[in-house]
Amino acid sequence: MTRISSTIDRRSFLKVSSLAGGGMLIGFNFLTACKSDVQPPVNIADLNFNDFNAFIQIADNGMVTIFSPNPEIGQGVKTAMPMIIAEELDVPWDHVFVKQAGLDTDNFTRQVAGGSQSIRFGWDSLRETGATARQMLVNAAAARWGVKPAECSTSEGVITGPGGESLHYGEVVREAAQLEVPDNVSLKDPSEFKIIGNDAINVDIDEIITGKPLFGLDYKKEGMVYASVLRPPSFGQTLDSFDDTAAKAVNGVQEVVRFGDKVAVIANNTWAAIKGKRMLKAEWKDGEKMESSSDHDQLLSDLLDGSDFETLREDGDISKAFAEADQVIERTYTSPFLPHNCMEPMNFFGEVTDDKVTLVGPIQTPEGTRSGVAKLLERPEESITIDMTRMGGGFGRRLYGDFVMEVAEIADKIRKPVKLIYTREDDMTAGIYRPAIKYRIAASVKDGEITGYHLKEAAINRNMYNLIPNFFPAGAIANYKVDVANYQSNISTGAWRAPYTNFLAFAEQSFFDELFEIMGADPIQTRLDLLEKVKGTTDEKIEYSPERLQNVIRMAVEKSGWGTQKEGVHQGFVAYYCHNTHVAEVADVVMENDMPVVKKVTCVVDCGILVNPTGARNQVEGGVIDGVGHAMYGDFSFDKGRPGYKNFDTYRLIRMKEAPEVVSHFVKNDLSPTGLGEPALPPAGGAVANAVYKATGKRLTSQPFIEALRQQSEKEIKG
Amino acid sequence: MPTYSLKVNGTTHQVEADADTPILWVLRDQLDLVGTKFGCGIAQCGACTIHLNGEAVRSCILTISQVTDQEITTIEGLSEKGDHPVQVAWKELDVPQCGYCQAGQIMTASALLDRNQNPSEAEIKQAMHGNLCRCATYNRIVKAVQKAANS
């Protein structure tokens, strides 16, 4: 077997791992195995646990339990991360059980679900974890046989010696557990992969399809009570007073607790808690800032018109390029706020005693949340445990531990195990929204070349951060500038799936489409030509690869039948890099009843080595449809601080009949894998908008498209 | 508090609850059948779908007093070993992402196939349109329903 040497100094192993992320020190113990036919050993005291932690557990019969370190929100890491360990451990995938690890900062790093980074950061360390364990098993077998480890080989959980003798892992795990962690281990050549690159069905599939308890909402503890919380109905309001007489009269309501500007109704079942909350009578006081979306629209326009910007990147001289240009094209793009709308509403379990705080539930950022709870309750972090459940979606909402703070505060006051449950109305109106944003993009053209590019962002609170301005077309246009300005609002905003680029990609890629058309330039060739200029760049801030982006562009042209589509099919093109992944998408739009309908999206992705193809395709299909859906329908607004939508009767999410066919293609290479939870989403809106233009002759510059199209047709009627 | 007689997955339970309690919360909190999910509370998302006398209904707006002594089936009772053709197809096609809405999707799909063993794609989409999937696994759901119909 071809093996690549990977040198790991034992002393530096933890250090290296803590930099690389993922999870580390491997270890064996027999304590846990998921199935009853796997028997724990008789005398576990014989084992030396001092140097080991239980990230890989191997039972006597050779069955393996692998703990998945990062939170699972539907992005598939609970399947994909253990696949990487199992590959290097060299065991059959059907001998592996997977369990979700709890928050354990001593042994894991970056236990976060966010930014499509779990696989990218975990790749090396997960491989080394598996390979290290494999080597220790080999060493143990070699010692037993009195041969050199190098004379032994492994396959499917079986070690074979030079004389043909063999032992399965379970037979030597006790000896292996006593051994020193080796200084260096070898990794498989990707051509040797047996698990990576093959479809592995979601490890929780049986529980999901039979309705077993899996999610935060399903978690129960003996004696647990339920909490439903009344919060200020408008951003900017505070609680003046409340009357809980009617709430307390509800069957099952135990008590009513005020904390800050919120009131929690505690009951012995969920319905009583919700009903009790509805019976609360509260008086609210308006603050000084009661903001409306119509005001935001003007404020953001004013920011773009003004001169008070922070410059995030500047190349050449944009003013000179614009002054000398034959033509300057400028467009403005507008997006609304967006709620996350995870299907599982926010919820969390909490229990506070004198000694400890126990928290269980769906959270994308357990470590940061624990720190927050420690500060809130003024307790040491060591006294707080957080266990993660499977999550009914994340999309960025569960990066924020606001709901965990709430349950910690309630549990501290009532001193009973308690489950906080948001209703859908709570979830949609107490959000951490994708901020409303406006982009103004201007480009200068001289002698048929793009000489300057100026991107200005105006966002509520904060949006773009300093990596984004180095994405394409940075490096391709000599005079280039990115400016940002913010308006500080009391409406809470934060990351939403593919933060920053989820709207920027639409704005820039729609702009390019229009710019190229005005220039009389081909949208494909012009992109390829611009990327050609980035090749060999010495700018270390440019992290995208012009070669890889060119490659997905060419593949998307081929796979989508670009330029050869049937009569009545209108195609829109986008190529985009974000979250370390290169993507090109082509949307096919047809007109039905005078309305553009998205029929198909062809998506070509370069995410390096494909760990789990079925999971990857699922992420791409979901990301594209999510991107199309929110671009078409996603809307959110505020009137004097009050959210304009509360539930799915008025808030429109894409449904089955509106979902386009998604055809995904993956570039085959041996490059280290990158993440897929987000990168398929941002290009979708632009691809649709560019196709809609071809179908209707109308340029879309604001989301949701359904509203923009309605306004355009109204204008036409008014004429 | 009044007592109601409920027939859930072939077993009769006596449950104490207020008359206006949605059956969803009785199933989840009192009977420990948490496979039926809460999504919206107003019958707009389908996460709480159960079968009532074989028909797919939204348990979040049906009160306990409306379903007394009628046949209720939840995801836990759809099959003994998780091998209902719809469940098998869901597994073979690796449909779920987060998985939260999938019990509701499976209950809607299985009720559809009970009354129409060979639905067209349009009929599948019509029947499933009320079930939201925020991860947008819609295309795999259509394929899984077709696969189950053909099995």
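Coordinate-derived values only; no laboratory data. Predicted, not measured: the structure shown is a model, and the values here were computed from it. Cβ sites come from the backbone with ideal geometry, for glycine too, and all protein chains shown count toward neighbours.
Using the Cα centre as the reference, give the magnitude of the dipole from point charges on the C-beta atoms of the protein assembly as shown (Lys, Arg: +1; Asp, Glu: -1; all else neutral), rounded to the nearest 20 debye. Could you put the intermediate results ahead of the total?
Values: 88 positive and 116 negative charges, 188 e Å.
Here the protein assembly as shown has a charge dipole of around 900 debye.
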What shape does chain A have by the C-alpha gyration tensor, where a ≥ b ≥ c are the square roots of the eigenvalues, rounded means a/c under 1.5, and otherwise prolate means a/b greater than b/c and oblate the rest? oblate
Restricted to the range B:3-75, the DSSP antiparallel beta bridge percent, nearest 5, is 85
What residue among B:Thr108, B:Thr11, B:Thr68 shows peak mean-square fluctuation when chain B is described by a Gaussian network model with Cα springs under 10 Å? B:Thr11
For A:Glu707, what is the net charge nearby, where nearby means another residue's Cβ is under 11 Å from its Cβ and Lys, Arg count +1, Asp, Glu -1? 0
Under unit Cβ charges (Lys, Arg +1; Asp, Glu -1), what dipole magnitude, rounded to 20 debye, does the range A:247-303 have relative to its Cα centre? 700
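Among A:506-514, A:461-469, what's the highest-first ranking by average C-beta atoms within 10 angstrom per residue? Display every interim value, and only then the final one.
Numbers: A:506-514: 25.2, A:461-469: 16.8.
Per-residue mean Cβ counts within 10 Å order the peptides as A:506-514, A:461-469.
Grab the beta carbon distance between A:Ser713 and A:Lys148, set R0 = 60 Å, and tell me the FRET efficiency rounded to 0.05. Walk me through the numbers before you get to the answer.
Details: r = 78 Å, r/R0 = 1.30.
Once the sixth-power term is evaluated, E becomes 0.15.
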Tell me which DSSP H helices of chain A clear both cut-offs, 20 Å or more of axial length from alpha-carbon atoms and a mean Kyte-Doolittle hydropathy of at least 0.0. A:501-519, A:682-696
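Which of A:Thr564, A:Thr365 comes first, and how do the rest follow, when ranked by fewest Cβ neighbours within 10 Å?
Details: A:Thr564 8, A:Thr365 22.
The order, fewest Cβ neighbours first, is A:Thr564, A:Thr365.
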For A:Arg278 and B:Ser5, FRET efficiency with R0 = 35 Å and r from the beta-carbon atoms, rounded to 0.05? 0.80
Over all residues in A:386-395, what is the mean tally of Cβ atoms on other chains that come within 10 Å of each residue's Cβ? 3
For the cross-link pairs A:Lys221/A:Lys356; A:Lys277/A:Lys646; A:Lys446/A:Lys698; A:Lys375/A:Lys416; A:Lys220/A:Lys275, which exceed 23 Å when the distance is taken from alpha carbon to alpha carbon? A:Lys446/A:Lys698
Along the charge dipole of the range A:361-447, Cβ charges K/R +1 and D/E -1, which of A:Ala408, A:Ala442, A:Leu376 sits furthest on the positive end? A:Ala442
Taking a label point 7 Å from the Cα of A:Asp286 along Cα-to-Cβ, the residues of the range A:234-265 whose backbone nitrogen sits under 13 Å from it are A:234-238
Roughly what % of DSSP beta bridges within the protein assembly as shown run antiparallel, to the nearest 5? 75
What is the order of B:Leu6, A:Leu376, fewest Cβ neighbours within 10 Å to most? A:Leu376, B:Leu6
Roughly what angle does helix B:102-115 make with the longest principal axis of chain B, taking Cα atoms, 0 to 90 degrees, to the nearest 10? 80
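Need one value for A:619-627: mean number of C-beta atoms belonging to other chains within 10 Å of its residues' C-beta atoms. Before the final figure, lay out each step's value.
On the way: counts 2, 0, 7, 10, 3, 2, 6, 4, 1.
Mean number of neighbouring Cβ atoms from other chains: 4.
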Looking only at other chains, what is the average number of their beta-carbon atoms within 10 angstrom of each beta-carbon in A:202-208? 6
So for A:Asp402, A:Asp447, fewest C-beta neighbours within 10 Å to most, what's the order? A:Asp447, A:Asp402
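Based on the alpha-carbon gyration tensor of the range A:134-290 and its eigenvalue square roots a ≥ b ≥ c, which shape applies: rounded if a/c is under 1.5, prolate if not and a/b is larger than b/c, or oblate? Write down the numbers at each step before the final one.
Details: a/c = 3.89, a/b = 3.30, b/c = 1.18.
Verdict is prolate for the range A:134-290.
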